[in-house]
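Inspection log for the structure reproduced underneath, given as structure tokens.
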Amino acid sequence: MKTVFAKAPLRMALAGGGTDLYPYFRKHGGAVLNATIDQYAYCKIEPSNKNNIWTFKSLDLGIEEEIVLDENGDIHDLESNRRIPFTESKLRLLINTYQFITKKQSGRKPVKITTYVEAPPGSGLGSSSALVVSICAALSEYYNLPMGEYDMAKLAVSIERGICNLPGGKQDQYAAAFGGFNFIEFTKDDQVIVNPLRLNSRIQNLMELNTVLYYVGKPRKNVNVIENTAVGLNKDDPKVIDATHAIKQACLEYKNCLLVGDFWGVATLMEEYWEKKLETNKEVASPEILSAYKFALANGASAAKISGAGGGGHMVLFTDYDKRNKLISALNRRGSRWFGGGGRVVPYKFVNHGVDVWRQ
């Protein structure tokens, strides 16, 4: 069996974040807009040279685990002599994805799975979901399992939200699988509809020039940021529900502005999103994010928002061509002076492809 590689792009969240949470879309339907960028989650699968031992290794986390699987595909814990259907280890995304997809594969031989992600967990760029999608694609190729983009995204949602019990929505998995600019709808009956936005090169280039990606200096470490937003939705808190309705409406308008290249409208809607997002959960704005937000607006940004759930990670800053260099220079000076040099501008390009897989 030859070695298989896969890579899935990370995504920049543009509008509609929070409407892809189950407590909201199951009652009201949701809609998000996102775009993939040239940062990736990579997966490599190769035959193992160790007898009856499966190896899982994360290069970016610096962690490696070796496990023994029994004939049913469960982990055989040699110390306790117990069978473990799924693990809660730090590499649970790797191990559980492998087990979930290959449990019914007969005659499995040990493999080594090595992954690398170009952004940390909690980055706000959908890195964990891109990782699971890349593993799904690699396993599909390695074991000759037919999977389309919808199949991989749906599997990734099941693994993250169900098997690994990680909080969050459903947009990241579909962004990584499909790639490009997508307007994604979530229906009340749990269907997902991915609508690719075929932007012409002029609009996409201008969007790239007008958008700056900024890492505030630390990833989101508190998963309660996501859970607390869901609490307000579960309780039908009128303030949270109304704010999320407004976020969904702004997403629809954002899509229309983007399609015609109305970037003044995009900036206005980005600011509206930010204000409404704070109404859903104050914890999305950590002190680092609030400080970066105020600094960006004072140094050339016309609008700013978090990318993802908030609490840390990346921010999307909107500016215009004439102020772009001023903003980037100011942010770079800020990053070298504060947070121990942690805050930084992240160079990127939009990409129009989703997960890719190949053999060596």
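The values are calculated or read from the model by the stated rules, or taken from the named source; none is laboratory data. On a predicted model such as this, the values are computed, not experimentally measured, just so you know. Ideal geometry is used to build each Cβ from the backbone, glycine not excepted, and the neighbour counts take in all protein chains shown. Side chains are part of the model used for accessible areas, which takes the heavy atoms of the whole protein and leaves out ligands, DNA and RNA. Shrake-Rupley method; radii C 1.70, N 1.55, O 1.52, S 1.80 Å.
Here are some notes:
- Nearest-0.05 FRET efficiency for S201 and Y143, computed from C-beta distance (R0 35 Å): 0.35
- Solvent-accessible heavy-atom area per residue, rounded to whole Å², over the chain at 1.4 Å: 43
- Between Y321 and R82, the FRET efficiency estimated from the beta carbon spacing at R0 = 51 angstrom works out to 0.25.
- For the stretch 104-121, 3J(HN,Hα) per residue [Karplus equation, 6.51 cos²θ - 1.76 cosθ + 1.60, θ = phi - 60°, Hz, x = Gly/Pro]: 9, 7, 7, x, 5, 10, x, 10, 10, 10, 10, 10, 8, 10, 8, 8, x, x
- Toward the positive end of the charge dipole of the stretch 238-298, with +1 on the Cβ of Lys and Arg and -1 on the Cβ of Asp and Glu, the farthest Cα among L290, L269, P238 is that of P238.
- Tail weight of P(r) past 27 Å, computed on alpha-carbon pairs of the stretch 1-130, percent: 33
- The average projected area of the stretch 154-218, computed from the convex hull of its Cα atoms over all directions, is 6.3 nm².
- Residues whose amide H lies under 5 Å from that of V346, counting only those 5 or more places away or on a different chain, are L213, Y214, Y215; hydrogens are built 1.01 Å from N in the peptide plane.
- DSSP bridge pairs, the chain: antiparallel proportion in percent, nearest 5: 95
- Carbon/sulfur fraction of accessible area - the stretch 111-269, other protein chains in place, 1.4 Å, %: 50
- Accessible surface comparison of T19, T268, probe 1.4 Å, protein chains only, largest first: the order is T268, T19.
- Alpha carbon centroid spacing (whole Å) that separates the stretch 16-40 from the stretch 143-189: 11
- Test item: Cα-centred dipole of the chain, Lys/Arg +1 and Asp/Glu -1 on Cβ, debye: 600
- Sequence-distant contacts, meaning Cα pairs under 8 Å at least 6 residues apart, place the relative contact order of the chain at 25 percent.
- With R₀ fixed at 30 Å, the C-beta to C-beta distance from S329 to V260 puts the FRET efficiency at about 0.45.
- The lysines within cross-link reach of K277, meaning a Cα-to-Cα straight distance under 21 Å and a gap of 8 or more places when in the same chain, are K27, K170, K218, K221, K235, K239, K248, K255, K294, K305.
- Degrees, to the nearest 10: 238-260 long Cα axis against longest axis of the chain: 80
- Between the alpha-carbon centres of the stretch 96-114 and the stretch 265-338 there is a gap of 42 Å.
- Summarising the overall dimensions of the chain from its C-alpha atoms, the Rg and Dmax are 20.7, 66 angstrom.
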